[in-house]
Amino acid sequence: MEVKTYDFFPKEGREIREIVFVEEQGFQEEFDDVDDVATHLIVFKDGQAIATCRYFFNPTLNEYLVGRIAVLKEFRGRGIGAFMLRKTREILAEKGVRRVYLHAQKRARIFYEKQGFVPIGKEDEEEGVPHLWMKIEW
């Protein structure tokens with residue numbers, strides 16, 4: 001697998017998120033202004049884009065956030081999401097970052113906990129889907 005980072009929102013990332021979050025999960029407000037300022041990671045396997053995520057510095061929180069983590073259905077369950085999070089953590093660690101937050105769908109909580117994230121705060125909703133804030137420190 002190969003990981004590429006982009007300081008713009010690549011079409012591969014848009015396509016993966018359209019499939020996973022809009023078509024599969026029914027989110028209508030998937031794309032936002034953060035896409036224009038975030039760093040995007042795309043995972044490629046044999047030249048095919050199969051997963052994406054983004055990270056960005058949130059000046060209001062004064063923290064880095066990672067999000068919009070999506071793996072195409074036929075590649076799920078193979079450790080690709082965990083691989084992508086490790087790569088993101090490595091990139092941020094090189095910048096001196098030692099803590100990252102994310103706003104996870106509640107149903108993905110166990111996945112994120114296996115990656116070292118811990119829940120913080122109260123559960124809330126995005127587009128009717130339960131979410132919770134989580135963080136990881138290293």
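Bear in mind these aren't lab numbers, they're just calculated from the coordinates by the rules spelled out. Quantities reported herein were computed from a predicted structural model and do not represent experimental measurements. Here the Cβ is made from the backbone with ideal geometry for all residues, glycine too, and neighbour counts use every protein chain on show.
Once the Cβ-Cβ distance of Glu94 and Ile19 is raised to the sixth power relative to R0 = 35 Å, the FRET efficiency obtained is 0.70.
For segment 69-138, which trypsin sites (Lys or Arg not before Pro) are in a loop by DSSP, counting at most 12 other Cβ atoms within 10 Å? Display every interim value, and only then the final one.
Working: sites: Lys73, Arg76, Arg78, Arg86, Lys87, Arg89, Lys95, Arg98, Arg99, Lys106, Arg107, Arg109, Lys114, Lys122, Lys135; in loops: Arg76, Arg78, Lys95, Arg98.
Listed in order of number, the matching sites are Lys95, Arg98.
In order along segment 124-129, phi translates into HN-Hα couplings of 9, 10, 10, 6, x, 9 Hz, rounded to whole numbers, per the Karplus curve 6.51 cos²θ - 1.76 cosθ + 1.60 with θ = phi - 60° and x for Gly and Pro. Restricting attention to the chain, the count of lysine pairs at 8 or more positions apart or across chains with alpha carbons under 21 Å apart stands at 22.
According to the calculation over all Cα-Cα pairs in the chain, the P(r) per 10 Å bin from zero is 11, 45, 39, 5, 0 %.
By the count of other C-beta atoms within 10 Å, a proxy for reagent exposure, Val34, Val97 are ordered fewest to most as Val34, Val97.
Order 18-26, 123-131 from most to least packed using the mean count of other Cβ atoms within 10 Å. Don't skip to the end; give the middle numbers.
Values: 18-26: 14.3, 123-131: 11.8.
Order by mean packing, descending: 18-26, 123-131.
How many angstrom lie between the Cα centre of segment 32-54 and the Cα centre of segment 96-112? Answer, in whole Å: 17.
In terms of other Cβ atoms within 10 Å, Met84, Met1 run from fewest to most in the order Met1, Met84.
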